[in-house]
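Everything below concerns the one structure shown next.
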Amino acid sequence: MSYAKKTDKIQQEIMDALRKHGAFVVDMSKAGKGFPDLVIGYRNITILCEVKSSPKALYTQEQLKFIAQWSGGPLIRADNVESALRVLRMIDAQKETEETY
């Protein structure tokens, strides 16, 4: 399967930004069967991330099936760096709240 250059570019930008923020990132984009593009480990939380080249990009049928059946940790969609970092910031805020109590 081939991947669009724009998708490859945005995926690399997202992976770089997540890593810069302190996340462990594994590229799973070649796994197929609807499995999300990235597995992210951050502050003892595992996050799955489907990278899309734009907000208008559609999920495949296999991706929709995977999403419907997924019962693990967070599964997010990212079509830019900010949308990917948002979940890490939410985790940071949650952990800070927990540490306060």
Among all residue pairs at least 6 apart or on different chains, which show Cβ distances below 8 Å where the first residue, located in the range 84-95, is among the hydrophobic types (A, V, I, L, M, F, W, C) and the second is assigned to a helix (DSSP H, G or I)? 84/14; 84/17; 84/18; 85/17; 85/18; 88/18
Within the group 65, 56, 52, which residue is of a type in the set (Lys, Arg) and surrounded by fewer than 12 Cβ atoms within 10 Å (Cβ to Cβ)? 56
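Going by the structure shown, is residue 18 in a helix (DSSP H, G or I) and surrounded by 12 or more Cβ atoms within 10 Å (Cβ to Cβ)?
yes
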Of (1) part of a strand (DSSP E or B); (2) open to solvent by less than 60 Å² (accessible area, probe 1.4 Å), residue 77 fails just (2)
Looking only at residues that are in contact (Cβ under 8 Å) with a residue 24 or more places away in the chain and not charged (D, E, K, R) in the range 23-39, which one is farthest from residue 74 (Cα to Cα)? 32
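The values are calculated or read from the model by the stated rules, or taken from the named source; none is laboratory data. Source: prediction; values computed, not measured. Ideal geometry is used to build each Cβ from the backbone, glycine not excepted, and the neighbour counts take in all protein chains shown. Areas reflect the complete protein model, heavy atoms only, side chains present, ligands, DNA and RNA absent. Shrake-Rupley method; radii C 1.70, N 1.55, O 1.52, S 1.80 Å.
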